[in-house]
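Structure first, then comments.
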Amino acid sequence: MEFFRIKKSIPFMRHALVFNAISFITFLLAVFFLWYTPLHLSIEFTGGAVMEVKYDKPADIEQIKEVLTKAGIVGAEPIKFGTSQDVQIRLPLKAAEGAEDQNKAMEKLKDTVMTSLKSVDASATLVRNDFVGGQVGKELATDGAMALLFVCIGIMAYLAIRFEWRFAVATIIANLHDVVIILGFFAFFQWEFSLPVLAAVLAILGYSVNESVVVFDRARENFRKMRRATTEEIFDAAITGTISRTIITHGLTQMMVLAMLILGGPTLHNFALALTIGICFGIYSSVLVACPLARYLGVSREDFVKTEKKKEGEPEVISAAP
Amino acid sequence: MNKYPAWKYVVIVTALVVAFFYTAPNFFGESPAVQVTGLRANKADAALVTRVQDALKAANLTTTSVLLNGEVIRIKMDAESQLKVKDALQAKLGEGYVVALTKLTNSPDWLHKMGAEPLSLGLDLRGGVHFLMEVDMKFAVNKAVDRYTGDVRVMLRDKKIYHNGISKDGENIVVRFKEETELKRATKEIETQAPELALKNSQDAAEFVLTAVMKPETQTKLRDSAIQQNITALRKRVNELGVSEPIVQQQGQERILVQIAGCLDPAQCKEVIGRTASLELRLVAEDQASGQNIDAFERYRTEPAPFGTDKMIGSRGEVVLVKKQVVVTGDKVTDAQPGFDSQNGGSTVNVRLDSAGGRAMLQTTRENLKRRMAMIMIENDKPEVLTWPVIQGEFGPQFQISGMANPNEAKNLALLLRAGALAAPMKIIEERSIGPSLGAENIAKGMNSLLFGFALITVFMIAYYMLFGVVSVIALGANLLFLIAILSMLQATMTLPGIAAIALTLGMAIDANVLINERIREELRNGMSPQMAIQTGYDRALDTIIDSNITTLIAGLALLIWGSGPVRGFAVVHCLGIGTSIFSAVMVSRGIVNLIYGGKKKVSKLLIGNVAWAKPVSEKSLPAKA
C-alpha cells in the first residue's frame with residue numbers, strides 16, 4: 001500500500017502567504033473567542049465542588065435544576081455525564097469570610113444537594129465527589145502557566161542549540177499558535193478545561209514540535225545536497241519529502257486518540273478532544289507555518305551549512321612533526 | 001551485513017524476559033482478603049496467627065490462606081465469607097488490633113519473592129477518598145506564644161522581678177518595667193531559661209520595654225513538629241478506621257495528604273479524618289461558679305466571660321467557664337482506653353500522659369485537689385467541653401476519668417482523647433472521593449481504548465508496511481510490556497490519565513517505526529540494495545527519533561515538575577515511555593529485522609510495501625539555476 005506518490009516537489013512555499021493568512025485569521029478568531037467567552041475552567045483551577053450522582057433510571061436534568069433552585073442553591077450546574085443515568089453537578093465556591101468557614105459552607109452545600117436530590121428520587125447515589133479550595137485552585141493555575149513557560153523555553157533552547165535561533169523562534173510561534181487555537185476551541189464550545197486537558201496541550205506542544213524538527217532536519221540535509229536550489233525550493237523539497245511520514249505518524253497517533261475519544265468515557269473525553277485538535281493543527285502549523293516563518297526571519301544556506309564547513313576544515317590543520 | 005552481535009540479542013531477550021516477569025503479576029487479578037495489624041503495643045506475630053486460626057476454626061469459617069508478612073497477617077477467602085471473617089476476628093481480637101477488608105493479588109508467591117508486584121492503582125481506578133489538608137500554622141505559633149507568655153510570667157514571679165505587666169502583641173511578648181535594673185535582671189533570666197526567645201530592649205516615655213519573640217529556628221522547629229504531630233494523629237485516626245494501607249504523608253511545608261484507597265464508606269472516612277480537632281485540659285474557673293451542679297455557670301450564657309477565663313459549651317449544652325491557662329495539650333496524651341471502675345462501678349476512661357504532661361498534671365492536681373478540670377475538644381475553632389470531672393487525688397502521668405453514663409460513652413471519649421491529639425487545627429483544602437464502581441468503570445474504559453487503539457494501529461501498520469509493519473507492531477508490543485514492567489517495578493501509582501498516557505505514548509512511539517520504514521522505502525527508491533537500505537534507514541532515522549523524543553521529554557518534565565495529582569501520573573508514564581520507545585523502536589525492531597534479513601547474501605526484495613517508483617525529489621528533477 002502506498003498513499004503518497006509525489007513525484008515532484010509541491011510548491012508549498014509559493015502559497016506561504018495563503019497559509020499565513022489562514023493561520024492569522026484562525027489565531028485571531030481563537031483570541032477573540034478566548035476574550036469573548038472565557039475558558040470554562042474546571043474546579044481544579046477555580047475552586048469549588050463537583051458531585052457525580054448516579055440514578056437507577058434516566059435522570060431528569062430540568063427536574064434536578066428545579067429541586068436545587070427550590071433548595072436555595074445558587075449557581076449549581078447539573079449536566080448529563082456519560083450515560084443518561086449519570087449527572088454531574090458543579091458547585092461554585094461559596095464565598096465566606098475565613099477559609100475555615102468556606103469548608104463548612106461547602107460541606108453543608110453538598111449535603112443540601114444530596115438531601116434534595118434524594119427527596120425526589122431515592123435512587124440517587126453519590127459516586128464521586130471533588131472539592132478544591134480556592135487557594136489550591138490558584139496554585140494549580142500558576143503551576144500550569146509555569147509548566148507552559150518551561151516547555152516553551154526548553155523547546156526554544158533545544159532548537160536554538162540543535163539548529164539556529166531563527167528556527168527556534170519560528171517553531172515556537174507556529175506551535176504556540178496551535179495552543180491558542182486549542183484554547184480557542186475550548187472557549188468557543190465551552191468545553192471544560194481541566195488539568196488533564198492542560199496535560200494534553202503540553203504533550204501536544206512537545207509532539208508537534210517534532211514535525212518542525214523533522215522538516216528542518218531534512219532542509220538541512222537538502223541544503224547540503226542541492227547546492228543550486230533556492231531556499232524556497234529547499235523547503236518545498238523538505239516538506240514534500242517528509243509529508244508522507246508526517247501524515248502517517250499523525251494519523252496513527254490520532255487512531256489512538258480516537259479510541260480514547262470514543263471508548264474512554266467522559267473523563268477522557270476532553271483530554272482526547274484537545275489532542276485531536278492539537279494533532280490536526282499540529283500537522284499544518286508545524287510544517288506550513290514554521291517554514292515560511294523561518295524564511296521570513298531570513299534563514300539562508302549559510303545558517304545551515306556553517307557548522308559542517310568547520311568540520312571539513314579540520315584536516316587542514318597540520319601540526320609539525322616532532 | 002545487518003547482523004547483530006550475540007550480546008545485543010542477549011540484552012534484548014533479557015530485557016524482554018525481565019519485563020515479562022514484572023508485568024505478569026498484573027494478570028492474576030485480585031481476591032478478597034482480610035488483614036490484621038496490631039495497634040500500639042500489640043504486634044502481629046506467630047502467636048497471633050495461631051489465635052487467628054483458632055478464632056476462624058471456632059467460627060467455622062474456611063479460608064484459603066493465613067500468612068504472616070512482616071507485621072501484617074493476611075487472610076484470603078472467598079468473597080462471601082470476607083465480611084464474616086472480619087466480624088469474627090474483630091470480635092475475638094478486640095480493640096488492640098485493626099481488622100481491615102482488603103484485596104490481595106493472586107499472583108504466585110515466587111513472583112512476589114522476586115519483588116514483582118502488580119501496579120498500584122490510583123484512587124480514580126480503585127475508588128477511595130483523597131484529602132489534602134492544610135495545617136493552620138498561625139494557630140500553632142499563637143499557641144506557642146501563649147505558652148511562652150505564661151512561662152515568662154512564672155519566671156519573673158519566681159525570681160521576684162517586678163514589672164508593670166506582660167502582654168501579647170501578635171507574635172511578640174511585651175514586658176514593661178519601671179526600673180532598668182529589673183529589665184536587665186529579667187533579660188538575664190529569660191536568656192538562660194528560655195534561649196528560644198530573641199529579646200529586644202526599648203524605652204518609651206515612662207517605661208522600659210522588653211520585647212521577646214521566638215527565634216526563626218524555633219519557629220521552624222515548631223512548624224515541623226506541628227505538622228509531624230498532626231500526621232501522627234491523622235495516622236492514628238485513619239488506623240482506627242480499619243482500612244488497609246492508608247497513605248498519610250507530608251506535602252509541601254504545611255500540607256498533609258491523606259489517601260484511603262478502597263474505602264467502602266467515604267462518608268465515614270471523611271467524618272473521622274475531617275474531625276479537625278485538638279485537645280486541651282484546663283482548670284474550670286470555679287471561683288466564678290454558683291453551686292456544684294451542671295448549671296453552675298448558667299448566668300454566663302448571656303454575660304461575657306470574666307477576665308482570664310473562656311466561656312465554652314459542654315457536651316450536654318451546659319455553659320462552662322474555664323481558665324485561660326492550658327494544663328496539658330492533647331499531644332501529651334499517649335493513650336486513652338475505656339475501662340471499668342471496680343470500686344464504684346460504672347464506666348471509666350484510663351488516660352496515660354507522656355512525662356512532660358505527667359509533670360504538669362502532678363503539679364496542677366496537687367494545687368487543685370477537689371477542683372474540676374475540663375477536657376476540651378477544639379473542632380474547627382469551636383471548643384467543646386467533653387467532660388469536666390472533679391480532681392479526686394494527686395496524680396501524674398496515669399489517671400482515670402470516671403462517671404461515664406455507659407460503656408459506649410467511655411469508648412467514645414477514649415477515642416476522642418486518643419485521636420484528637422492534633423497540634424494545630426487543619427482544614428480540608430482538596431477532596432476527592434470516588435466510588436469503587438466508578439473506579440472499575442474507569443479501568444475498563446481506559447483499557448478498552450488502549451486495546452482498540454492498539455488494534456487500529458496494528459491493522460494499519462501491517463497493511464501499509466507488510467512484514468516491516470509486523471516488526472513495528474511487535475516492537476510496539478514490547479514497548480507496552482517494558483512500560484508496564486517499569487511502572488510495576490517502580491510501584492508508580494496508575495491513574496486514568498496514566499492509562500491515557502500509555503495510550504498516547506504508544507500512539508506517539510509508532511512514529512519512530514514510521515520514520516524508519518519510510519526512510520528504508522526512500523533509500524530503496526533511490527536504488528540502494530535492500531541490505532544497504534535497512535542499514536541506512538535505521539542509522540539516518542535514529543537522529544530524528546532522538547530529536548523528536550527530546551522535545552517530548554521537555555513537555556513531560558514540565559508536567560512532572562509542575563503537575564499535581566493525576567497529571568503527575570500522566571507525566572511519569574510520558575517520560576518513562578520515551579526511554580522504552582527508543583529502546584524498542586530502535587533495538588528490538590532492528591533485532592528482529594536483522595534476524596529475518598541479516599547475513600543473507602541475496603535479498604532481492606524487502607517486504608515493506610510498495611516502493612516501485614523512482615524517488616520523487618532529487619537535485620536532477622529541480623530546474624537548474626543559472
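Some points to look at:
- Among the residues of A:227-236, the average count of other protein chain beta-carbon atoms within 10 Å of the residue beta-carbon is 2.
- Based on Cα contacts under 8 Å between residues 6+ apart, segment B:147-240 shows a relative contact order of 22 percent.
- Positive-pole candidate from B:Leu362, A:Ala170, B:Ser167, dipole of the protein assembly as shown, charges at beta carbon: A:Ala170
- Local net charge near B:Tyr9, Cβ-Cβ under 15 Å (Lys/Arg +1, Asp/Glu -1): +3
- Residues of segment B:526-556 falling in the label zone of A:Ile161, defined by backbone nitrogen less than 20 Å from a point 7 Å along Cα to beta-carbon, are B:542-556.
- Length released on extending from B:Asn69 to B:Met532, taking residue separation times 0.36 nm less the Cα-Cα span: 160.9 nm
- Computed from the C-beta positions of A:Ile173 and B:Lys324, the FRET efficiency with R₀ = 56 Å rounds to 0.30.
- Estimated FRET transfer efficiency (B:Leu83, B:Ile443; beta-carbon r; R0 25 Å; 0.05): 0.60
- A simple charge model with +1 on the Cβ of Lys and Arg, -1 on the Cβ of Asp and Glu and nothing else charged puts the dipole of segment B:328-480 at about 220 debye relative to its Cα centre.
- Going from the residue with the fewest nearby Cβ atoms within 10 Å to the one with the most, B:Lys168, A:Lys57, B:Lys92 rank A:Lys57, B:Lys168, B:Lys92.
- Cβ-to-Cβ counts within 10 Å put A:Val74, A:Val67, B:Val593, B:Val174 in ascending order as A:Val74, B:Val174, A:Val67, B:Val593, the fewest first.
- Within chain B, all pairs of alpha-carbon atoms sorted by distance into 20 Å bins from zero give the percentages 15, 34, 26, 16, 7, 1.
- Taking all Cα pairs closer than 8 Å and separated by 6 or more residues, the relative contact order of chain B comes to 16 percent.
- In degrees, nearest ten, helix B:355-367 long axis to first principal axis of chain B (Cα): 20 degrees
- Modelled this way, with points 7 Å down the Cα-to-C-beta line, the labels at B:Thr302 and A:Lys138 are 4.3 nm from one another.
- Positive dipole terminus of chain B, leading residue within B:Phe452, B:Phe340, B:Gln400 (C-beta point charges): B:Phe452
- Of B:Lys143/B:Lys323; A:Lys8/A:Lys225; A:Lys54/B:Lys411, those spanning more than 26 Å from alpha-carbon to alpha-carbon: A:Lys54/B:Lys411
- Listed residues B:Val588, B:Leu101, B:Pro118: farthest to the positive end of the dipole of the protein assembly as shown (Cβ charges): B:Val588
- Considering all C-alpha pairs of segment B:515-580, those separated by over 12 Å amount to 70%.
- Charge dipole (Cα centre; +1 on Lys/Arg Cβ, -1 on Asp/Glu Cβ; no other charges) of segment B:138-219 amounts to roughly 200 debye.
- Per-residue Cβ neighbour counts within 10 Å put B:Lys411, A:Lys110 in the sequence B:Lys411, A:Lys110, beginning with the fewest.
- Shielding of B:441-454 by partner chains, average beta-carbon count, 10 Å: 5
- Per residue, the average separation of C-alpha pairs within less than 8 Å and at least 6 apart gives segment A:48-132 a relative contact order of 47 percent.
- Using the alpha-carbon positions of the protein assembly as shown, Rg (one decimal) and Dmax (whole number) come out as 35.3, 117 Å.
- Model label zone, A:Cys280; criterion: amide N under 17 Å from point 7 Å along Cα-to-beta-carbon; scope segment A:158-184: A:177-184
- Label point of B:His112 set 7 angstrom out along Cα-Cβ; within segment B:68-96, amide nitrogens under 16 Å from it belong to B:68-78.
- Segment B:30-105 pair-distance distribution - Cα-Cα, 10 Å bins, rounded %: 21, 61, 18, 0
- DSSP H segments from chain A that extend 30 Å or more along their own axis, Cα-based, with Kyte-Doolittle mean of 0.0 or above: A:134-162, A:165-189, A:195-225, A:231-263
- For B:Glu30 and A:Asp121, the FRET efficiency from 1/(1 + (r/R0)^6), where r spans their Cβ atoms and R0 equals 30 Å, is about 0.35.
- In a reduced charge model with +1 at each Lys and Arg Cβ and -1 at each Asp and Glu Cβ, the protein assembly as shown shows a dipole moment near 2480 debye about its Cα centre.
- Spin-label model, A:Lys80/A:Ala145: points 7 Å from Cα along the beta carbon direction are separated by 3.8 nm.
We did not get these values from a lab; they are worked out from the coordinates using the rules stated. Here the structure is a predicted model, which means the values were calculated and not measured. Glycine gets a Cβ as well: all are built from the backbone with ideal geometry, and neighbour counts include every protein chain shown.
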